[in-house]
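A.B. asks: Dropping a structure here in structure tokens format, bear with me for questions.
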Amino acid sequence: MHLTPILQPQLNISLTQIARFLGIPEHLICRYEHWPHQLFVHRTDRGGQFISYRKFSEWIEACALTIQGCTDLRVLEWLGQVIKRECQRFSYPEAVLNHWRKLWEQRHYQLRIAA
């Protein structure tokens, strides 16, 4: 299992955020579509372009919210394995990894105490 199908329902990336990320005015974006693993952006100045969800801060936040919202210890442990595989496949800043790790450990502790 990949992290994308878990996080994608929570991702709400706007036209403004896409334009800011690309460093272009919004009017150069004809349309954008949320695809299963990436955004497709159709630009008036150069055609289609794909952008990974991982490039947006919303991805980092969606992962954090998923960890914090987990209500079952077994699901949290499974999620931890999915995130671990994600981090082996893709490069993330150490600060992000530490943030996710801290949130996971806190939630794991909370769910263990509650059980």
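The values are calculated or read from the model by the stated rules, or taken from the named source; none is laboratory data. Because the structure is a prediction, the values reported are computed rather than measured. As a convention, Cβ positions derive from the backbone with ideal geometry for all residues, glycine included, and neighbour counts pool all protein chains shown. Accessible surface areas use protein heavy atoms only, side chains included; no ligands, DNA or RNA. Shrake-Rupley method; radii C 1.70, N 1.55, O 1.52, S 1.80 Å.
A.B. asks: Please work out which residue is nearest to TRP100 (Cα to Cα), limiting yourself to region 50-85 and to residues that are in contact with a Phe, Trp or Tyr (Cβ under 9 Å, 6 or more places away or on another chain) and without any contact (Cβ under 8 Å) to a residue 24 or more places away in the chain.
C.D. replies: So the residue we want is SER52.
A.B. asks: Output yes when any residue across region 29-41 is within 12 Å of the chain's Cα centre (by Cα) and basic (Lys, Arg), and no when none is.
C.D. replies: Checked region 29-41: no residue is within 12 Å of the chain's Cα centre (by Cα) and basic (Lys, Arg).
A.B. asks: State the number of residues belonging to region 16-35 that are closer than 13 Å to LYS55 by Cβ and small (Gly, Ala, Ser).
C.D. replies: 1
A.B. asks: Can you tell me which residue is nearest to ALA62 (Cα to Cα) among those in region 5-49 that are part of a strand (DSSP E or B) and touching a Ser or Thr at 6+ places or on another chain (Cβ under 6 Å)?
C.D. replies: Within region 5-49, the match that is nearest to ALA62 (Cα to Cα) is GLN38.
A.B. asks: Kindly check whether there is at least one residue in region 35-44 that is in contact with a His (Cβ under 6 Å, 6 or more places away or on another chain) and open to solvent by less than 40 Å² (accessible area, probe 1.4 Å).
C.D. replies: No: zero hits.
A.B. asks: A further question on this structure: What is the residue count in region 63-92 for residues that are open to solvent by less than 80 Å² (accessible area, probe 1.4 Å) and outside any helix (DSSP H, G or I)?
C.D. replies: Qualifying residue count for the region: 4.
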